[in-house]
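First comes the structure, then the notes that go with it.
The values are calculated or read from the model by the stated rules, or taken from the named source; none is laboratory data. Since the structure is predicted, the reported quantities are computational estimates derived from the model, not experimental observations. In this analysis, Cβ positions are derived from the backbone assuming ideal geometry, glycine residues included, and neighbour counts consider all displayed protein chains. Note: areas computed on protein heavy atoms with side chains; ligands, DNA, RNA excluded. Shrake-Rupley method; radii C 1.70, N 1.55, O 1.52, S 1.80 Å.
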Amino acid sequence: MLVAAANDGVYWGSGGILYPLQETKISITREVLSFSCRGDEAEVNVLLEFRNPESVSRTLTIGFQAPSASGDLPDSICSIPQIKDLRVMNDGRLLPFRTMMAEEENAPLVELGKLRFSQESWGIFVYVFEMTFKPGLNTVQHSYRFPASGSVDMDRAFSYILRTGAKWAGGTIGHLTTEIDFGGSERFFVRDVYGDRAEWSIVGIGRIGGKQPGRYDEGMREVRLVAGKLRITVADMVPAENMEFYAQMRGMFLDWPGPDAQYRNEVLRAVGSRSLDIGEEVTWTNEELRFMRNLIFAQHGYPFKDPEQRKLFEAFDWYIPDPNLIWSDALLTPEERLFLGMIKAKELE
């Protein structure tokens, strides 16, 4: 679970693996976990395959855990579930559920509204339902939406509770596939909780980096997507840690330490906010304006003909030039067009 301290950010919530509220012989043979991140929200779709080794059907009480919001948020928000549109399908039908609360994972469940959560005292919401498992393999599908968390270091952070998968028989996930799709060009970081046997790949165009020493967490791996999605697969997964990933400020591909360390904080703030109006009077140099302008093109993979500019951006791991790219304004977002207009106007002063 990702928790941000008050005044430094907000944690809105997350979901996780369905888990039994009593002991069972049923095990997870397969899980396909898919994140579709758009704007400040993630849609999560999960396919779970369970094996019931017994010769008779078993009906279990199942929980879906979602920590309460915390951080720099009003207490009134902290006591409201942030999971939206939760749907669970078992044996071809959608299941009814009850939303309950608990002070912590193993604490007794109480009815919704019986506890008050706050910035300093958070807990969990648990969605409870009955599920029947016939002998042999059973397929369960569920989906939900939840808002991104954030802090001074992370613009959009998402998490998923894997550890509850250990509550099923055997304590392992037979085969786990995780997919992350940001819907376009993005640079983000994923906590590597999958172990050395996992296979990381890009379905589309992009690049996967190694673990990042000295970052927010040394267990994070950098991923640069130009188009497509990240896919991680691993067999016999022991879910000892929860999964999380985050992107930095929207469109902010610069980071410390690195080739960008030569640029002052005002440049980083302007690029991150897509505006030269950063709340204070700043005198921009011609070099800084040119760098910010070309940075927009570089993030889209523009193949610079100027050797100096090409060498400058090739120093960044995230730069993937497209030799076939024919530039068009259609590649730019409205915010980028506005930002480029500001830079052009400043250059003409």
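Using a cut-off of 12 Å between beta-carbons, work out the net charge of the residues near residue 84 (Lys and Arg +1, Asp and Glu -1, residue 84 not included).
Net of charged neighbours comes to -1.
To the nearest 500 deg cm²/dmol, what mean residue ellipticity at 222 nm is calculated for the chain from DSSP H runs of n ≥ 4 alone, each contributing -39,500 (n - 2.57), summed and divided by the residues?
The helix contribution divided over the chain gives -4000 deg cm²/dmol.
Once amide H atoms are built 1.01 Å from N in the peptide plane, which residues 5 or more positions from residue 206, or in another chain, come under 5 Å H to H?
226
So what does residue 231 come to for accessible area, using a 1.4 Å probe and Å² rounded to 10?
Accessible surface of residue 231 is approximately 80 Å².
Using a cut-off of 18 Å between alpha-carbon atoms, which aspartates and glutamates can reach residue 211, once sequence neighbours fewer than 8 places away in the same chain are excluded?
By straight Cα distance, residue 211 reaches 153, 186, 192, 196, 199, 222, 241, 244, 255, 317.
Can you send over the carbon and sulfur percentage of the accessible area for the chain, probe radius 1.4 Å, protein chains only?
Result for the chain: 49 percent of the exposed heavy-atom area is carbon or sulfur.
Assuming R0 = 22 Å, can you tell me the calculated FRET efficiency for the pair residue 264 and residue 344, based on Cβ-Cβ distance, to the nearest 0.05?
The calculated FRET efficiency here is 0.55.
Using a 1.4 Å probe on the protein heavy atoms only, what accessible surface does residue 205 show? Give it in Å² to the nearest 10.
For residue 205, the solvent-accessible surface is approximately 90 Å².
Tell me which label goes with the value of volume of the Cα convex hull per residue in Å³ computed from the coordinates here: [x] 201; [y] 151; [z] 246.
[y]
Give me the net charge of residue 136's neighbourhood, meaning all other residues with Cβ under 11 Å from the Cβ of residue 136; Lys, Arg count +1, Asp, Glu -1.
Around residue 136, the surrounding residues sum to 0.
Round to the nearest 10 and report in Å² the accessible area of residue 314, as given by a 1.4 Å probe over the protein chains' heavy atoms.
110 Å²
Calculate the FRET efficiency for residue 75 and residue 40 from the Cβ-Cβ distance with a Förster distance of 25 Å, rounded to the nearest 0.05.
The value I calculate is 0.70.
For segment 16-159, report the accessible area per residue in Å² (1.4 Å probe, heavy atoms, rounded to an integer).
46 Å²
Ordering 110, 193, 56 by accessible area with a probe of 1.4 Å, largest first, what comes out?
Greatest to least solvent exposure: 56, 110, 193.
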